[in-house]
Amino acid sequence: MGTPEFIRDLRTDIGHRLLFLPGVSAVVFDDQGRVLLVRRADNGEWTLVGGIPEPGEQPAEAAVREVWEETAVHCVPERVVLVETGEPVRYPNEDLCQYMSVCLRCRAVGGTARVNDEESVEVGWFELDALPPLREGAVNRIKLATAEGPAWFRPAAWTPPGA
């Protein structure tokens, strides 16, 4: 789907200046414990499925929608894996964005993994010990999704005045 329409509309007003946006990603596992990955059309890298929620859309709904749109796999969210704000990203068209991301562990419940839109050139299920090259953030999210425990978040560095 690419850039959501509401962001394209905002860009007509603010140009390439920084936009702080919500983001979602999904670590989707099948019944064999394999993880679903997509090879991006824009840079050829393997990654988790992710995207931007539409205004008013819940993070879990956005994750399920993004997984379907990109891979034709039906999934159900099981738990929050991570919540964090990433570093700003400068895109080739000079747009600057920074994302507060919610990553969800999901379970595949139907569909057949395939390229389902123009954002990906390849889709596949991968054994955890045979992953293609991935950025550190994706590897970390997969590790957190396989571990038991609460959602990960960066500890607060800010303290109230006088505390």
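Numerical summary
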item: Test: residue in the range 85-93 that is in contact with an Asp or Glu (Cβ under 6 Å, 6 or more places away or on another chain) and not aliphatic (A, V, I, L, M); result: no
item: Residue within the range 8-20 that is touching a Gly at 6+ places or on another chain (Cβ under 8 Å) and either of a type in the set (S, T, N, Q) or under 23 Å from residue 89 (Cα atoms) (or both) present; result: no
item: Residue match in the range 109-117 (condition: at pLDDT below 95 and under 30 Å from residue 8 (Cβ atoms)); result: yes
item: The one condition in (1) touching a Gly at 6+ places or on another chain (Cβ under 8 Å); (2) within 21 Å of residue 150 (Cα to Cα); (3) among the β-branched types (Val, Ile, Thr) that residue 121 fails to fulfil; result: (2)
item: When residues of the range 146-163 are limited to those that are among the hydrophobic types (A, V, I, L, M, F, W, C) and part of a loop (DSSP other than H, G, I, E, B), the one nearest to residue 36 (Cα to Cα); result: 147
item: Any pair with Cβ under 9 angstrom, 6 or more apart, that starts in the range 52-68 at a residue that is farther than 14 Å from residue 78 by Cα and ends at one that is among the hydroxyl-bearing types (Ser, Thr, Tyr) and open to solvent by 60 Å² or more (accessible area, probe 1.4 Å); result: 52/3
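The values are calculated or read from the model by the stated rules, or taken from the named source; none is laboratory data. Every value quoted in this text rests on a predicted model; they were computed, and no experiment measured them. A quick note on method: Cβ atoms are made from the backbone with ideal geometry, for glycine too, and the neighbour counts reach across all protein chains shown. For the accessible areas, the whole protein counts, side chains as well, though only heavy atoms, and no ligand, DNA or RNA atoms are used. Shrake-Rupley method; radii C 1.70, N 1.55, O 1.52, S 1.80 Å.
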